[in-house]
1. Give the residues of the range A:46-102 that are of a type in the set (S, T, N, Q) and within 25 Å of B:Pro73 (Cβ to Cβ), sorted by residue number.
2. When you go through A:Ala96, A:Ala109 one by one, which is the residue that is within 30 Å of A:Ala127 (Cα to Cα), away from DNA strand C (no atom under 16 Å from the Cβ), more than 10 Å from every other protein chain (Cβ to nearest Cβ) and of a type in the set (Gly, Ala, Ser)?
3. Would you pick out the residues in the range B:160-197 that are over 19 Å from the mean Cα position of the chain (by Cα), surrounded by fewer than 18 Cβ atoms within 10 Å (Cβ to Cβ) and of a type in the set (S, T, N, Q)?
4. Which one of these does A:Asn72 not meet: (1) in contact with a Pro (Cβ under 7 Å, 6 or more places away or on another chain); (2) under 22 Å from B:Ile95 (Cβ atoms); (3) within 16 Å of DNA strand D (Cβ to nearest atom)?
5. Please enumerate the residues belonging to the range A:210-237 that are under 25 Å from A:Ile155 (Cα atoms) and out of contact with any helix residue (DSSP H, G or I) (no Cβ under 9 Å at 6 or more places or on another chain).
6. In the set A:Pro214, A:Pro182, which member is assigned to a loop (DSSP other than H, G, I, E, B), more than 19 Å from A:Gly320 (Cβ to Cβ), within 14 Å of another protein chain (Cβ to nearest Cβ) and at pLDDT below 95?
7. Select from the range B:35-71 the residues that are without any contact (Cβ under 8 Å) to a residue 12 or more places away in the chain, part of a loop (DSSP other than H, G, I, E, B) and more than 16 Å from DNA strand C (Cβ to nearest atom) and list them in ascending order.
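The values are calculated or read from the model by the stated rules, or taken from the named source; none is laboratory data. Nothing here was measured: the structure is a model prediction, and the numbers come from that model. Every residue, glycine as well, gets a Cβ built from its backbone with ideal geometry; the counts of neighbours run over all protein chains shown.
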Number of protein chains: 2
Amino acid sequence: MAVTLAEVAAACNVSTSTVSRALTDPEKVNAETRTRIERVARQLGYAPSRAGRSLVSGRTDTVGLVVPDIANPFFPPIIKSVQARARDKRYAVLIADTDEHVADELELARGLSRQVDGLILASPRTAPAELTRLAQQLPVVFVNREVEGAGSVVIDENEGMQEAVEHLVSLGHRRITYLAGPRRSWSNQQRRDALSKACADNDVELRELGPFEPQIQAGMRAADLLQSSEVAAAIAYDDLIALGVMSRLTERGMQVGREISVIGIDDSPLSTVTHPMLTSIHVPAAELGSAAVDLLLNQLHDDETPTTTVKLETRLVIRGSTGIPPENLR
Amino acid sequence: MAVTLAEVAAACNVSTSTVSRALTDPEKVNAETRTRIERVARQLGYAPSRAGRSLVSGRTDTVGLVVPDIANPFFPPIIKSVQARARDKRYAVLIADTDEHVADELELARGLSRQVDGLILASPRTAPAELTRLAQQLPVVFVNREVEGAGSVVIDENEGMQEAVEHLVSLGHRRITYLAGPRRSWSNQQRRDALSKACADNDVELRELGPFEPQIQAGMRAADLLQSSEVAAAIAYDDLIALGVMSRLTERGMQVGREISVIGIDDSPLSTVTHPMLTSIHVPAAELGSAAVDLLLNQLHDDETPTTTVKLETRLVIRGSTGIPPENLR
DNA sequence: CTGAAAGCGCTTACAG
DNA sequence: CTGAAAGCGCTTACAG
């Protein structure tokens, strides 16, 4: 077994109380004693038992993170920044992946809730009332979704959408198809609303196809639907769908960026792998994660439930997948 | 606070011992009492405190997983399968991402070691002696690396490499360039050796460029080096490098699959996003993860340190990025 | 089959 | 500034 407080105490000829204090609240201990204890503790390789500490403190120093799909490139940067920030603050991170199964989301969150001080749910799809109830049971912060009675960190897609529509309009497009994300996705609604507004402002006709799951395969399906329509510009719910569209269209001999323009959302690293590269609305994923941790830790330490919503800006990153539409489709 | 054993006991008019037994070792309790306790526990929403249980059992029911880079699409499937298998066995998973910083690897592993029963290290780059020492301190299973004195799950790249080289030879290639991975990477050595052997067997000339980090950007750098060489076939250390190569070559106007053939390793979902799609050596990522969990849990329960090495097969998946070389480069 | 008691490793009032 | 004692929530021999 590992070295215990008692062993350190014995080696120092002091009580466990003193060792405990020396290590957690150094002020309260005589400087000499403290140095001696610190030295011995180091020599023995002492590390406090999480279980012991947790039992008395009631805290776990761990936060839980629930994501829909680690394999979706949108989430790794968020996970990374959550971990980095949590680590800075001496918290461990327990991760659960729902594999896009909405039904498991709440169950996984509840499962984690026994072992963590607070929870971060990224892009949850569970019904709002359930989320509000969850947030009443323990500190929870939502990423990519606003929930009544809980803190959240969301994206303001308006700016990016406005830029995207203006960009297409400046190229000569007058019609845009939205390739919708999952029906019950909160951010799908946000994105659709933002796009809808931007189109109205710019006098652009908006159509819609979908819903599509945020996966490359679904994008390929979208491509075929898109090709049989009369629209030369598409904005997809996310990069994966956009990439699937591009891949499939290219395979079918179309020139993306010339015959058809495609815009994604997320600006994931993948946007630069394809040829042409994908024009995409940039989402500050890393900030999403660290802001969520900050919000959660505030809540843990202040012991109140702030319903703050942090909003992060988006902007368009123009690459090769958008261009002037063919004559007949202007 | 949450409901405790004592509260359940009080509500049932029995001792905490009995409640504890009823819930963990039902055989030992009178059937009627047990049912009553179970019902009350459920009504009260009782869930055992991990800390309390952990303190007496000495176990945490948690395993740690250290990966070099969650954002590398090779790892998410492994993480997912580790989580799924661990969850089946009632273990939680604590994840740490080293961000490709070799120096942090051991530190993160040691940090986790206080809070877990065992550790899985995926594609570690730390020196062998250190890894062996770590494995002496707690149960550890290595993925993608063989370590003396510890269990590991690795890939046998021979089969896939052999197929890859034969495939290129059958198309008419006589020269292949290996785009090497990180210098100290164990699997880079394995892959190079397998390729080297396959080339010798097939009388193919082997060249090498690199090392390259497993990232798309590095692949773009590789592309430029490759283009100025006289070789029409490249096998990359992984898909990311291969994708970077393709992206950059396409951008520079070359026809991948005709003027130059590119093969990746991992067969990640990205292989199908590009055009042409990437020919790649398939690695059974999901099995890598679940086999690692199985090995680790065996070790935890048997309390011995098996040095078993599980080897998983690879095979070539042919797509559009490989083809007949130009006349002058056969 | 059940209960009282000890103990896992720690922290924290309470005395001194 | 330091120590003895109680207690966090649980499990597990030990009696009965």
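1. A:Asn72, A:Ser81, A:Gln83, A:Thr98
2. Selected residue: A:Ala109, the only one of A:Ala96, A:Ala109 that is within 30 Å of A:Ala127 (Cα to Cα), away from DNA strand C (no atom under 16 Å from the Cβ), more than 10 Å from every other protein chain (Cβ to nearest Cβ) and of a type in the set (Gly, Ala, Ser).
3. Once the filter is applied, which keeps residues that are over 19 Å from the mean Cα position of the chain (by Cα), surrounded by fewer than 18 Cβ atoms within 10 Å (Cβ to Cβ) and of a type in the set (S, T, N, Q), the range B:160-197 yields B:Ser170, B:Ser196.
4. Condition (3) is where A:Asn72 drops out.
5. Within the range A:210-237, no residue meets the criteria.
6. A:Pro214
7. B:Ala71
Here's the yes/no breakdown for (1) closer than 29 Å to A:Ser81 by Cβ; (2) touching a Gly at 6+ places or on another chain (Cβ under 8 Å); (3) modelled with pLDDT under 90; (4) at the interface with chain B (Cβ under 10 Å from one of its Cβ atoms):
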site	(1), (2), (3), (4)
A:Thr18	no, no, no, no
A:Pro26	no, no, yes, no
A:Asn30	no, no, yes, no
A:Thr33	no, no, yes, no
A:Ile37	no, no, yes, no
A:Thr60	yes, no, no, yes
A:Val63	yes, yes, no, no
